[in-house]
Amino acid sequence: NAGVTQTPKFRVLKTGQSMTLLCAQDMNHEYMYWYRQDPGMGLRLIHYSVGEGTTAKGEVPDGYNVSRLKKQNFLLGLESAAPSQTSVYFCASTEPKTGVLNSPLHFGNGTRLTVT
Amino acid sequence: QKEVEQDPGPLSVPEGAIVSLNCTYSNSAFQYFMWYRQYSRKGPELLMYTYSSGNKEDGRFTAQVDKSSKYISLFIRDSQPSDSATYLCAMSAPGGSNYQLIWGAGTKLIIKP
């Protein structure tokens, strides 16, 4: 039982390049989330999904796109990377129970992205 | 002003000490409070949660909420080197979902053997 797996673990991009971050979970969770973590900023929600085929914007969605074609996968895309997108990206998943206390977030171990 | 403030540290203490980690918040509607622990180069994991006011104890860890002061604390007794990590607080209003959580920036804790 791997939990939440993120691919790749590290990546260096040049400004303007594109890439896709992959998140896969094997817990049959309905909800999935993409966060970025920057020093002094805490976790900021980029996009989330409450089920296969559905996505919604979070706090900082600009410059990112997402897709949830399969329940177990949640993809985060950067179409034209910018240095401001240098960050550590975390994917998380939860069961669709109501209330944050009933459905703790299960995180992957992150993708460290540097845009030069 | 951020909705949730958390001192980034690092906080360095000797093994065996009692550690106090804190967050302050501005939204009086928050009633669900969580502490996540994040080891270096790993994702956060839920450590403890409390609802509304009061204390909650789990082994060496105690979570405390003071709603009148808009202040939450995590106490670690008999601290161990394995407790070295970044501790994130998170909170929401009643009925809130995980995508509505407000996060602190995290406090880095170092326990010296």
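I'd like to check something: does region A:13-25 contain any residue that is of a type in the set (Ser, Thr, Tyr), away from chain B (no Cβ under 14 Å), in contact with a strand residue (DSSP E or B) (Cβ under 7 Å, 6 or more places away or on another chain) and not in a strand (DSSP E or B)? Give the derivation first.
We begin by selecting, within region A:13-25, every residue of a type in the set (Ser, Thr, Tyr); these are A:15, A:18, A:20.
In the following step, the residues that additionally are away from chain B (no Cβ under 14 Å) were identified as A:15, A:18, A:20.
Okay, now just the ones that are also in contact with a strand residue (DSSP E or B) (Cβ under 7 Å, 6 or more places away or on another chain), so A:15, A:18, A:20.
Restricting the remaining residues to those that are not in a strand (DSSP E or B) gives A:15, A:18.
Yes, region A:13-25 contains at least one residue that is of a type in the set (Ser, Thr, Tyr), away from chain B (no Cβ under 14 Å), in contact with a strand residue (DSSP E or B) (Cβ under 7 Å, 6 or more places away or on another chain) and not in a strand (DSSP E or B).
If the Cβ limit is 7 Å and pairs must be 6+ apart or interchain, which residue in region B:1-26 that is free of Cβ contacts under 8 Å to residues at least 60 places away in the same chain and among the small types (Gly, Ala, Ser) pairs with which residue that is outside any strand (DSSP E or B) and open to solvent by 20 Å² or more (accessible area, probe 1.4 Å)?
B:26/B:1; B:26/B:3; B:26/B:70
Pairs only if they're at least six apart or on different chains, beta carbon under 8 angstrom, first in region B:90-113 and more than 19 Å from residue A:106 (Cβ to Cβ), second open to solvent by less than 10 Å² (accessible area, probe 1.4 Å) and assigned to a helix (DSSP H, G or I); list them, first residue then second.
Close Cβ pairs satisfying both conditions: B:109/B:83; B:111/B:83.
Could you run through region B:26-49 and say how many residues are facing chain A (nearest Cβ under 10 Å), open to solvent by 10 Å² or more (accessible area, probe 1.4 Å) and hydroxyl-bearing (Ser, Thr, Tyr)?
Final tally of qualifying residues: 3.
Looking at region A:73-91, is at least one residue within 14 Å of chain B (Cβ to nearest Cβ), without any contact (Cβ under 8 Å) to a residue 60 or more places away in the chain and of a type in the set (S, T, N, Q)?
Within region A:73-91, the subset within 14 Å of chain B (Cβ to nearest Cβ) is A:74, A:87-91.
Keeping just the survivors that are without any contact (Cβ under 8 Å) to a residue 60 or more places away in the chain gives A:74, A:87-88.
Add one more test, that the residue is of a type in the set (S, T, N, Q), and what stays is A:87.
Looking through region A:73-91, at least one residue is within 14 Å of chain B (Cβ to nearest Cβ), without any contact (Cβ under 8 Å) to a residue 60 or more places away in the chain and of a type in the set (S, T, N, Q).
Looking only at residues that are among the aromatic types (Phe, Trp, Tyr) and within 7 Å of chain A (Cβ to nearest Cβ) in region B:81-113, which one is surrounded by the most Cβ atoms within 10 Å (Cβ to Cβ)?
B:103
As an exercise: evaluate residue B:69 against (1) within 14 Å of chain A (Cβ to nearest Cβ); (2) on the phi < 0 side of the Ramachandran plot; (3) open to solvent by 40 Å² or more (accessible area, probe 1.4 Å) and give the number of the one condition it does not meet.
The one condition residue B:69 does not meet is (1).
Here are some residues: B:3, B:15. Which one is open to solvent by 30 Å² or more (accessible area, probe 1.4 Å) and at pLDDT below 95? Working first, answer last.
On the way: B:15 fails: at pLDDT below 95.
The conditions single out B:3.
Which residue pairs have Cβ atoms under 6 Å apart, sit 6 or more places apart or on different chains, and have a first residue in region B:36-64 that is at positive phi and a second that is open to solvent by less than 80 Å² (accessible area, probe 1.4 Å)?
B:52/B:31
Does residue A:43 satisfy being within 14 Å of chain B (Cβ to nearest Cβ), outside any loop (DSSP other than H, G, I, E, B) and surrounded by 12 or more Cβ atoms within 10 Å (Cβ to Cβ)?
Considered against the rule, which asks whether it is within 14 Å of chain B (Cβ to nearest Cβ), outside any loop (DSSP other than H, G, I, E, B) and surrounded by 12 or more Cβ atoms within 10 Å (Cβ to Cβ), residue A:43 comes out as yes.
Check residue B:78 against each of (1) under 13 Å from residue B:35 (Cβ atoms); (2) open to solvent by 60 Å² or more (accessible area, probe 1.4 Å); (3) among the acidic types (Asp, Glu) and name the one condition it does not meet.
(1)
The values are calculated or read from the model by the stated rules, or taken from the named source; none is laboratory data. Keep in mind that what you see is a predicted model, and the values were worked out from it rather than measured. With ideal geometry, Cβ positions are generated from the backbone for all residues, glycine too; neighbour counts draw on all protein chains shown. The accessibility values were calculated without ligands, DNA or RNA, using every heavy atom of the protein model including side chains. Shrake-Rupley method; radii C 1.70, N 1.55, O 1.52, S 1.80 Å.
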